[in-house]
1. Applying the Karplus parametrisation 6.51 cos²θ - 1.76 cosθ + 1.60 with θ = phi - 60° to the phi angles of the range 205-212, what ³J(HN,Hα) value in whole Hz is obtained for each residue in order, glycine and proline being reported as x?
2. Too long at a 31 Å Cα-Cα cut-off: which of LYS23/LYS132; LYS70/LYS132; LYS23/LYS70?
3. What residue among HIS114, HIS190, HIS99 has the largest mean-square fluctuation in a Gaussian network model of the chain, using Cα springs under 10 Å?
4. Taking R0 as 35 Å, what's the FRET efficiency between GLU148 and ARG219 from their Cβ-Cβ distance, rounded to 0.05?
5. What residues qualify as long-range amide H neighbours of MET207, i.e. H under 5 Å apart, gap of 5 or more or another chain, H built at 1.01 Å from N?
6. Taking every pair of distinct Cα atoms and averaging 1/r, then inverting, what Kirkwood hydrodynamic radius in Å comes out for the chain?
7. With a ≥ b ≥ c the root eigenvalues of the C-alpha gyration tensor of the range 133-203, is it rounded (a/c under 1.5), prolate (a/b larger than b/c) or oblate?
8. Pop a pseudo-label 7 angstrom from the Cα along the beta-carbon direction at both GLU82 and HIS190 and give the gap in nm to one decimal.
Amino acid sequence: MSGHSKWSQIKRKKGKADQERGKLFSKLIREITVAARSGGPPEGNPRLRSAILTAKAANMPADNIERAVKKGTGELPGVVYEEVTYEGYGPGGVAILVHCLTDNRNRTTNDVRHVFTKHGGNLGGAGSVAWKFETRGVITVERRAVDEDALLTVVLDAGALDVDTGNSEAYEVLAAPGSLEAVRQALTQHQIPVAASEVTKIPQNTMTIDPGEAVKVVRLMEVLEELDDVQRVWSDVELSDEVMAKLGG
């Protein structure tokens, strides 16, 4: 979990730049649209509720969110996106998963392959690294919002598996995907604000590699996330304190 937590720290800082470039809203709109198309309105659609929560946390205007939902439900015309996940290896042999929402699979495949090749990695076949990851729900709660003991009591009683307390800025609550909504509702009921809620991929084991190679892995992941069609990037690299210092984290 520590690798996921440290990558989250990097992404939170990176997200500010993304928002300035206008890319963050575009990615969030795609996720809201696809979530609405696949699962219907928010009331019975946990994925859509999580996407809307993330969009609100990013200060997306309510009108933008509403339009994205209506495009997904068919109330407004919109582009049809396909979900596709690419698997590959980065510097040092670390495993990387890349989740995309695209309206042109050939374009996206070429873009993703180009980035892997340019940054010292290579694209693998289906099933090459996906088995190294497990699907988990992660809820982010800012440390300033709640005492650690109080948080543990609420989320563990609601069915959470664990809480990562290693991040100085936020707690990350880990849950099985099917329990994510129950844990989120428990936090809401106890008036504990949720900064983010998502279903994500967690490596079952992390890889420790040379710090210089690890920095290259992070750069590869950052460039992948800058692609318009890429929504999420996951890796099993272990980001040591030395690596975080090199990255300014």
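Just so it is clear, none of the values below were taken in a lab; they were calculated from the coordinates. If you're wondering where the values come from, they're calculated on a predicted model, not measured in any experiment. A quick note on method: Cβ atoms are made from the backbone with ideal geometry, for glycine too, and the neighbour counts reach across all protein chains shown.
1. 9, 9, 10, 9, 10, 3, x, x
2. Pairs exceeding 31 Å: LYS70/LYS132.
3. Among HIS114, HIS190, HIS99, the largest mean-square fluctuation in the Gaussian network model of the chain belongs to HIS190.
4. The pair GLU148/ARG219 has a calculated efficiency of 0.60.
5. Amide H neighbours of MET207, under 5 Å, 5+ apart: VAL237, GLU238.
6. So the Kirkwood estimate lands at 18.7 Å.
7. Oblate shape, in that a/c is at least 1.5 and b/c is the bigger or equal ratio.
8. The modelled label-to-label distance comes out at 4.4 nm.
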